[in-house]
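Q: Below is the structure I would like to discuss, written out as structure tokens.
The values are calculated or read from the model by the stated rules, or taken from the named source; none is laboratory data. Just so it is clear, the model here is predicted, and its values are computed rather than measured. FYI the Cβ positions are ideal-geometry reconstructions off the backbone, even for glycines, and counts take in every protein chain you see. The area values use the complete protein model at the heavy-atom level, side chains included, leaving out ligands, DNA and RNA. Shrake-Rupley method; radii C 1.70, N 1.55, O 1.52, S 1.80 Å.
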Amino acid sequence: MIVGIDLGTTNSAIAVWRDGRAQLIPNSLGARLTPSAVSLDEDGTVLVGMAARERQVTHPQRTATAFKRLMGTERRTTLGPGHVYSPEELSALVLRRLKSDAEAHLGEPVAEAVITVPAYFNDRQRRATRRAGELAGLKVERLLNEPTAAALAYGLHERDQACQFLVFDLGGGTFDVSIVELFEGIIEVRASAGDNRLGGEDFNELLVEEFLNAQRAALQGLEAGEREVLRARVREQAERARRAMSSEPGGTLRVTWRDRTLEHVVTAERFEKLSEPLLARLREPVLRALRDGAVRLDRLREVVLVGGATRMPVVRRAVTRMFGRFPGAGPNPDEAVALGAAVQAGLKGRDAALKEVVMTDVCPYTLGVDTAERRADGSVRTGLFTPIIERNTVVPASRFKTFATMRPGQRVVRFTVYQGEAPAVADNIELGSVEVPVPAEETGLVTVQVRFTYDINGLLEVDVQVPKTGETRQLLILGQQSDISPAQLEERRRVLAALKIPPREMEANRAALARGTRCYEQFLGDRRAQIGELLRQFERVLDGQDPRRIEAARTQFMRSLDALEGESYL
Ligand code: AMP
């Protein structure tokens, strides 16, 4: 069985193509979104998903979230002594949770997956994502760009007429804009642009700052550790208030700190004002994608909203203003990507219900080589980036450029391959290099031809040829392949497998307990006493070890907390 997975910054989701349609798979709590969070318990147990997200407030130092933003970097996260993880290992733990939820739901093993990535992810980030899948014991059939997945979920591939869409995807931590074209059964991402440092969390930070400023007097003299705990609590309240503002005119942040409850009300107008700088940042990638895709605004058939943060009215209004029309209605914006990945998985499995859809993609970054130039005064300037395949070229693509040696008598030419948009190679990402011998001409220069061929799986083939001698050299760069050895992979998979992880049926109970503990810390007075009593009752049922009673008590416990918090969890 091949599944489709949206590995998100804030939430992840898993879906499958069954009975002729894409369906989301609920997790052990019955929810369709699983928080991308990992936390280490006091007894060395690793919690993933909602239980971990609840602990973000009560145990920020032992909890990791938003690690998708670190994918492709060397950054390690310490959750406790002996528990240090790379971003891809944390992602692997989330993927493993999703895999086991899917297996429990489907009643069969899940070994293969289509995993989505932001269109803007570079090769390193894509490699790390692929590795996360492998560490979770999944064969990664394909990495699919998130906007392409959204287009599939909206059923754009089922329309007969040729048309162009814009996919506007604002998630927890990344923003992606893509121009998607449909033509004779081919879905093509014509252009993509984005900002991988812009998302719902940045809107939360606005509210956090607003709260801390307003409460400055009450919060003086905090130590660094205290400040971190406080910030996590405020952030959690900011997230709540912001979500509430999607359906109500304002929101309230309520934080209990040293026997006092600090409260701050934010009106919709104030929030819109605070959001202005972030809303302004949404424009640039939109304009760039339109420009790169050579698409006129009035030729766009539809604007497709994806990502949970597009539920925010301020964002919807900004989109309506930007495009002069209302965005289209489709599946839930935070579920579309996983559903689209499942459609792609269905295509992989050649499900009869799906029309044949050919998908092409674009290369997200410019690929080129380093060159030097001789200035008028004879001095040489090195380290210049010369593009060969420009970003947003539809792949597969093959392009060549001809270069000349720098000086007479030169014996060898070395090309170093880079990806990026900066004019100096030092600011781009180095991918590899290749050398070719040239005949040492006493006078005049020798020409060398460089051809780049980039295929749909991110494999870049570099061919260097010296026409005069027929000498050729080749370099293969495996864009999305794993770059660690099978033995290393096995070793890291073993480490992850050995982690103490609660069994699936316990996971939901741990999540409920973590939520109860957080609520206990947050409330004061009668409500706190009431939560304490609810917690003790639930713990007593857990001690009884009767699965049916536990499930009923857990549902009851969660409903009581919903009532106290004024927000439903599922
Ligand atoms: P995603 O990465 O698509 O899961 O999107 C996650 C982001 O969507 C987070 O920043 C959430 O706060 C945000 N989000 C989810 N639901 C809502 C909502 N109802 N209103 C506002 N933001 C939301």
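Q: For Arg197 and Val380 in the same chain, what is the full-extension length gain: residue separation times 0.36 nm, less their Cα-Cα distance, in nm? Mind showing how you got there, number by number?
A: Working: separation 183, 0.36 × 183 = 65.88 nm, distance 3.70 nm.
This chain segment gains 62.2 nm when fully extended.
Q: Can you give me the pair-distance distribution of the chain, C-alpha pairs, 10 Å bins, whole percents?
A: Result, from short to long distances: 3, 16, 24, 24, 17, 9, 4, 2, 0, 0 percent.
Q: For segment 1-71 and segment 140-192, compute the distance between their C-alpha centroids and round to whole Å.
A: Result: 24 Å between the Cα centres.
Q: Using a Förster distance of 22 Å, how high is the FRET efficiency between Glu461 and Arg124, based on the Cβ-Cβ distance and rounded to 0.05? Could the numbers behind the result be given before it?
A: Values: r = 19 Å, r/R0 = 0.87.
Once the sixth-power term is evaluated, E becomes 0.70.
Q: Which order, highest average first, do 265-271, 25-31, 509-515, 487-493 follow once you tally other Cβ atoms within 10 Å for each residue and take the mean per peptide?
A: Details: 265-271: 15.3, 25-31: 20.7, 509-515: 23.4, 487-493: 13.3.
Ranking, from highest mean packing down: 509-515, 25-31, 265-271, 487-493.
Q: Using mean Cβ contacts within 10 Å as the protection proxy, how do 427-435, 39-47 order, highest first?
A: 39-47, 427-435
Q: Gain in length, Arg414 to Arg321, computed as 0.36 nm per residue apart minus the alpha-carbon separation, to one decimal in nm? Each step should come with its number before you reach the end.
A: On the way: separation 93, 0.36 × 93 = 33.48 nm, distance 5.05 nm.
Additional length available on full extension: 28.4 nm.
Q: Just to verify a number: FRET efficiency for Ala294 and Thr443, C-beta to C-beta distance, R0 = 45 Å, to 0.05?
A: 0.50
Q: Now a separate question. Rounded, prolate or oblate: which fits segment 367-469 when a ≥ b ≥ c are the square roots of the eigenvalues of the alpha-carbon gyration tensor, with rounded for a/c under 1.5 and prolate only if a/b beats b/c?
A: On the way: a/c = 2.43, a/b = 1.46, b/c = 1.67.
Cα axes put segment 367-469 in the oblate bin.
Q: How much area per residue is accessible in segment 273-409 when the probe is 1.4 Å and only protein heavy atoms are counted (Å²)? List each step's numbers first, then the result.
A: Details: 6540 Å² over 137 residues.
I get 48 Å² per residue for this part.
Q: In nm, to one decimal, how far is the Met1 label point from the Ala280 one, both placed 7 Å along Cα→Cβ?
A: 5.0
Q: Starting from the Cα of Glu209, step 7 Å toward the Cβ, then list every residue of segment 268-312 with an amide N under 13 Å from that point.
A: 273-279
Q: In degrees, nearest 10, range 0 to 90: what is the angle between the Cα axis of helix 486-497 and the longest Cα principal axis of the chain?
A: Helix 486-497 sits roughly 10 degrees off the main axis of the chain.
Q: For n ≥ 4 DSSP H runs only, could you compute -39500 (n - 2.57) per run for the chain, divide by its residues and tell me the 222 nm figure to the nearest 500?
A: Values: 14 runs with 204 residues, N = 570.
Theoretical 222 nm ellipticity from helices: -11500 deg cm²/dmol.
Q: For labels at Gln220 and Glu74 in the simple 7 Å Cα→Cβ model, what's the distance in nm?
A: Each label point lies 7 Å from its Cα, and together they span 4.4 nm.
Q: What length, rounded to one decimal in nm, is gained on full extension from Ala529 through to Asp562, with 0.36 nm per residue of separation minus their alpha-carbon distance?
A: Numbers: separation 33, 0.36 × 33 = 11.88 nm, distance 1.61 nm.
10.3 nm is the gain from fully extending Ala529 to Asp562.
Q: Of Lys468, Lys348, which has the most accessible area with a 1.4 Å probe, and how do the rest follow in descending order? Please report the intermediate quantities before stating the final value.
A: Numbers: Lys468 135, Lys348 85 Å².
Ranked list, largest accessible area first: Lys468, Lys348.
Q: Related question: Just how much of Met245 is accessible, in Å², when a 1.4 Å probe is used and the result is rounded to the nearest 10?
A: Per-residue accessible area (Met245): approximately 20 Å².
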